[in-house]
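Shown below is the structure under consideration.
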Amino acid sequence: MNLSVPILGAAIGVVVLLLGRKLFWLCVAAIGFAAGVTLTSHIVSDPTPLLQLTFAILLGFIGALLALFLQKLAIGLVGFIAGGRFAVGLVAMFVAQYASHYWLIFIIGGLIGTVLLLMLFDWALIFVSSLIGAHLITSAISLPPTGEILLFSALVLFGVLVQAASMRKKSLAPR
């Protein structure tokens, strides 16, 4: 893969990691971008970097439009895609042969993600955007599995703490 896709993904990941709750539309666009990168390789065998980047940007743009104009639908869609990707990633870390159950794992994780995001929107958005940001950043870096897990976990924790502190400052500000 050309370096432009991982670098752009990591840059978007940093913004989503730190500002995902404030920039909901960007969080949804980042999920579309990440899904586009992944789906391109499932749809086309050995896609060119330009095709991958184009498809990722297209899905990111669609995600941003959904977030701006159809927020509840976008929230459900974000929860579903993020929950599904997280479930698949989690299973991939611990189970070597999961490919035959990929869609089942994705759907179960997606349903859980949708319910969580709709019920606990602010906190779920903080957590989900931290997961997405951490995923985009760690996907751009080649590390051994243990290093990847440690970096991913540290980034998620950092993102949650930064965004929670930002939310707390806003609620404490005089009106």
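Nothing in this text is a laboratory measurement; each read-out follows from the coordinates by a stated rule. Because the structure is predicted, anything quoted here is derived from the model rather than measured.
Between the helical axis of 24-43 and the dominant principal axis of the chain, each derived from Cα atoms, what acute angle in degrees is found, rounded to the nearest 10?
Taking the Cα atoms of the chain, the angle to 24-43 is about 10 degrees.
Which of rounded, prolate, oblate describes the range 7-83, given a ≥ b ≥ c as roots of the alpha-carbon gyration tensor eigenvalues and a/c under 1.5 marking rounded, otherwise prolate only if a/b is larger than b/c?
Prolate is the answer for the range 7-83, as a/c is 1.5 or above and a/b outweighs b/c.
Can you tell me the relative contact order of the chain? Whole percent, Cα pairs under 8 Å, sequence separation 6 or more.
Across the chain, relative contact order equals 29 percent.
Further, regarding this structure: Which semi-axis lengths, in whole Å and largest first, follow from the square roots of five times the eigenvalues of the Cα gyration tensor of the chain?
Values: eigenvalues 124, 65, 60 Å².
Semi-axes, largest first: 25, 18, 17 Å.
Expressed as an acute angle from 0 to 90° and rounded to the nearest 10, what is the orientation of the C-alpha long axis of helix 145-172 relative to the principal long axis of the chain?
Its long axis makes an angle of about 20 degrees.
For helix 102-119, report the angle its Cα long axis makes with the longest principal axis of the Cα atoms of the chain; keep it between 0 and 90° and round to the nearest 10°.
10
Based on alpha-carbon centroids, what's the gap between the range 93-143 and the range 1-56 in Å, whole number please?
If you average the Cα positions of each part, the centres end up 15 Å apart.
Quick check of the Kirkwood formula: for the range 30-123, what is the inverse mean of 1/r over all pairs of different Cα atoms, in Å?
14.0
Can you give the Rg and Dmax of the range 35-75 based on its C-alpha atoms, in angstrom?
Spelled out, the Cα radius of gyration and Dmax of the range 35-75 are 11.9, 35 Å.
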